[in-house]
Amino acid sequence: MAFRVVLIENEVEIKVKLNNLIVTKEGEDLWIPLDDISMIVMDNLSSMLSTRLLCQLSEQGIGFMVCNQEHLPTGYYSSYDNHSRASKVIGYQIEYNQKYYEELWKKIVEEKILNQAKAYFCMKKDQEGAKQIASYAWEIVDGDKTNREAHAAKVYFNLLMEASFSRGNQDILLNSGLDYGYAVIRGYIARACVGYGLNTQLGIHHKSEYNRFNLVDDLMEPLRPLVDIIAYESMKNALYFTPEHRRKLVNVLNMKIRYRGKKMYLCNMIDNYVEQYASLIMGRYESIVFPDVNEFIGEEIYEI
């Protein structure tokens, strides 16, 4: 199983040869087997790559994300269809009624809010604040028609920042880290969805006709608090959004989590999680195991 997430920050030339990614910088070649790569994040506007490379990436199901001048991910390239029974899976996605998806969305929002409460306690050690956030999870109705998700998020971020906080305010440094980390997770979930034959436009709750990744945005909700922890802990005393912050946020996919009784990399957990959703809508599973913030291990440090 592919496990490497490659972050490219310097001006390089990238090509493919003998099923290897070749990154050339200042005359020196770095060879990386394509079979090891799950996603490439391109954070340099001067690098050169070939159409042949893009074809190879799509054929092997490797995601390719590009960043803008502010170092924020703005585009994602993936294979159009690399699942042999994609049309069959899409048929399952279409056949479920609105009530089914509203019940599923209720569960997703509940798990997200509980994970926010756990993440907040992990970062602030404030039990009362964590209880206040978690209380919104018990008020959710099918389809979250009372919008408990937004209310919980407002309380969560205001408590975390100890002030009124807006996710849309680009003057707040933490927002840059959150946007970057969320985009990395979003791209990886998109890659996994395509791999399991899921149509990413057919969402559970998100239904925008302009959003190619409605389903991705639904499935990633319970994972957002994992990014929050990494972004907050690494940036809480920072003045600028630095390359080290970006490397830390990309590396979240290589961090460890306990999931379904096993310790695994977060990228492998996402594959497992998306596979369960595909199996759920095909009637093979009755429920999904959602990731739990309390099971997040992070980076393992080995002492020698």
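The values are calculated or read from the model by the stated rules, or taken from the named source; none is laboratory data. Everything numeric here is computed off the predicted structure, so don't read it as measured data. Cβ atoms come from the backbone with ideal geometry, glycine included; neighbour counts cover every protein chain shown. Side chains are part of the model used for accessible areas, which takes the heavy atoms of the whole protein and leaves out ligands, DNA and RNA. Shrake-Rupley method; radii C 1.70, N 1.55, O 1.52, S 1.80 Å.
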*Looking at region 23-33, is at least one residue surrounded by fewer than 16 Cβ atoms within 10 Å (Cβ to Cβ), in contact with an Asp or Glu (Cβ under 9 Å, 6 or more places away or on another chain) and either polar (S, T, N, Q) or within 22 Å of residue 178 (Cβ to Cβ) (or both)?*
yes
*Consider residue 74 against the criteria (1) surrounded by fewer than 17 Cβ atoms within 10 Å (Cβ to Cβ); (2) closer than 21 Å to residue 217 by Cα; (3) touching a helix residue (DSSP H, G or I) at 6+ places or on another chain (Cβ under 6 Å): it satisfies all of them except one. Which criterion is unmet?*
(3)
*Being of a type outside the set (Gly, Ala, Ser) and at pLDDT below 95 narrows it down to one of 108, 113, 189, 133, so name that one.*
189
*What about residue 60, is it open to solvent by 80 Å² or more (accessible area, probe 1.4 Å), within 30 Å of residue 206 (Cα to Cα) and without any contact (Cβ under 8 Å) to a residue 60 or more places away in the chain?*
no
*Quick check: anything in region 6-13 free of Cβ contacts under 8 Å to residues at least 40 places away in the same chain and within 20 Å of the chain's Cα centre (by Cα)?*
yes
*asked:* Just to be sure I understand, how many residues within region 199-219 are farther than 18 Å from residue 270 by Cα and not aliphatic (A, V, I, L, M)?
replied: 9
*Select, from 46, 38, 50, the only residue that is in contact (Cβ under 8 Å) with a residue 12 or more places away in the chain, small (Gly, Ala, Ser) and surrounded by 18 or more Cβ atoms within 10 Å (Cβ to Cβ).*
38
*Among strands (runs of 3 or more DSSP E) lying entirely in region 197-304, which contain 1 or more residues that are open to solvent by less than 10 Å² (accessible area, probe 1.4 Å)?*
256-259, 296-298
*Applying the selection to region 208-239, what residues are of a type outside the set (Lys, Arg), more than 15 Å from the chain's Cα centre (by Cα) and closer than 22 Å to residue 159 by Cα?*
232, 233, 234, 235, 237, 238, 239
*Quick check: is even one residue across region 95-108 open to solvent by 50 Å² or more (accessible area, probe 1.4 Å) and among the β-branched types (Val, Ile, Thr)?*
no
